[in-house]
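Encoded as C-alpha cells, the structure appears first; notes follow it.
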Amino acid sequence: METKYLALLRHRLSEKTCLHSLGVGRIARELAEARGLSGEKGFTAGILHDYARELGEASLLKEAERRRLPVDRIVKVQPVLLHGPVGAELVREDLGIRDPEVLEAIRCHTCGGEGIGPLARIVYAADIIEPSRDFPGVEELRRQVREDFRQGLIRVVESTMNYVLRQRYLLHPDTLLFWNELMQEEKK
C-alpha cells in the first residue's frame with residue numbers, strides 16, 4: 001500500500017511533501033493500532049492528508065466553490081486552510097475512497113474541529129510529530145503523544161495555536177472549538 005500511494009503522490013506533490021506524508025501515514029498507523037483502531041485506515045488517512053496541499057490559493061478557492069465547501073472569512077484570507085477539505089473531496093473523487101473516518105481525518109487535519117472522531121485526532125497529532133518535523137519541543141511532543149495520547153494531543157493543539165499566534169496568522173474557530181472540547185473532556 002505504501003508504494004501505491006507514494007507513487008500516486010509523487011505525481012502531485014514535491015518530494016519533501018511526499019516524505020512528510022509518508023511519515024504522517026506511518027505515525028498515524030502506529031498511533032491507531034496502539035489505540036485499537038485500524039492501522040490501515042490510519043495509514044491511508046495519514047499518507048493522503050496533504051493530497052491537495054500544493055494546489056495554489058486560487059485553485060483551492062475555486063475547488064472549494066465548485067464543491068460548495070464552506071469558505072469563511074478566515075479561509076478567504078488564508079486559503080491554504082482549504083487543503084484538508086478540498087483534499088478529502090479529491091481523494092473521494094480521484095481514488096474512490098468513501099470511508100467517512102478517513103475522509104474526516106483528511107478534512108480536519110489542519111484546524112481540528114468540534115466532535116471529530118478518534119482517527120481524525122490521530123492524524124491531527126501525527127501531522128505535527130512525524131519524523132521530518134524539526135522544531136523546538138517536537139521530541140517532547142512525540143514522547144507525550146505516545147505515552148498518553150489525550151494529554152499529548154492537548155500539547156499538540158497548544159503547540160499549533162502558539163505557532164499560529166507567533167506567526168500572527170488568523171486562528172481558525174474550528175481550532176478553538178477543538179481546544180475547548182479537549183479542555184471540557186479533561187475536566188470530566
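Considering the conditions (1) farther than 25 Å from A7 by Cα; (2) assigned to a helix (DSSP H, G or I), F135 is excluded by exactly one of them, (2). Summed over the range 37-46, residues that are surrounded by fewer than 24 Cβ atoms within 10 Å (Cβ to Cβ) and assigned to a helix (DSSP H, G or I) total 3.
When the range 70-80 is filtered for residues that are in a helix (DSSP H, G or I) and either in contact (Cβ under 8 Å) with a residue 60 or more places away in the chain or acidic (D, E) (or both), the ones remaining, listed by number, are I74, V75, V77.
How about the range 1-36: which of its residues are surrounded by 16 or more Cβ atoms within 10 Å (Cβ to Cβ), over 17 Å from the mean Cα position of the chain (by Cα) and not in a helix (DSSP H, G or I)? Correct list: R12 only.
Take Q144 and decide whether it is polar (S, T, N, Q), surrounded by 15 or more Cβ atoms within 10 Å (Cβ to Cβ) and touching a helix residue (DSSP H, G or I) at 6+ places or on another chain (Cβ under 7 Å). Against the criterion (polar (S, T, N, Q), surrounded by 15 or more Cβ atoms within 10 Å (Cβ to Cβ) and touching a helix residue (DSSP H, G or I) at 6+ places or on another chain (Cβ under 7 Å)), Q144 qualifies.
Of the numbered criteria (1) more than 12 Å from A28 (Cα to Cα); (2) assigned to a helix (DSSP H, G or I); (3) basic (K, R), the one R146 fails is (1). Residue pairs whose Cβ atoms lie under 6 Å apart, sitting 6 or more positions apart in sequence or on different chains, and linking a residue in the range 97-126 that is over 19 Å from S159 (Cβ atoms) and crowded, with 20+ Cβ neighbours inside 10 Å to a partner that is polar (S, T, N, Q) and modelled with pLDDT of 95 or more, are V102/T44. Whether any residue in the range 111-118 is more than 19 Å from L69 (Cα to Cα) and in a helix (DSSP H, G or I) is what I want to check. Yes, there is a match, as at least one residue in the range 111-118 is more than 19 Å from L69 (Cα to Cα) and in a helix (DSSP H, G or I).
Being crowded, with 23+ Cβ neighbours inside 10 Å and either among the acidic types (D, E) or not in a loop (DSSP other than H, G, I, E, B) (or both) is the filter here, so list the residues in the range 47-69 that pass it. Correct list: I47, L48, D50, L60.
The values are calculated or read from the model by the stated rules, or taken from the named source; none is laboratory data. Fair warning: this is a prediction, and the values are worked out from it, not measured in the lab. FYI the Cβ positions are ideal-geometry reconstructions off the backbone, even for glycines, and counts take in every protein chain you see.
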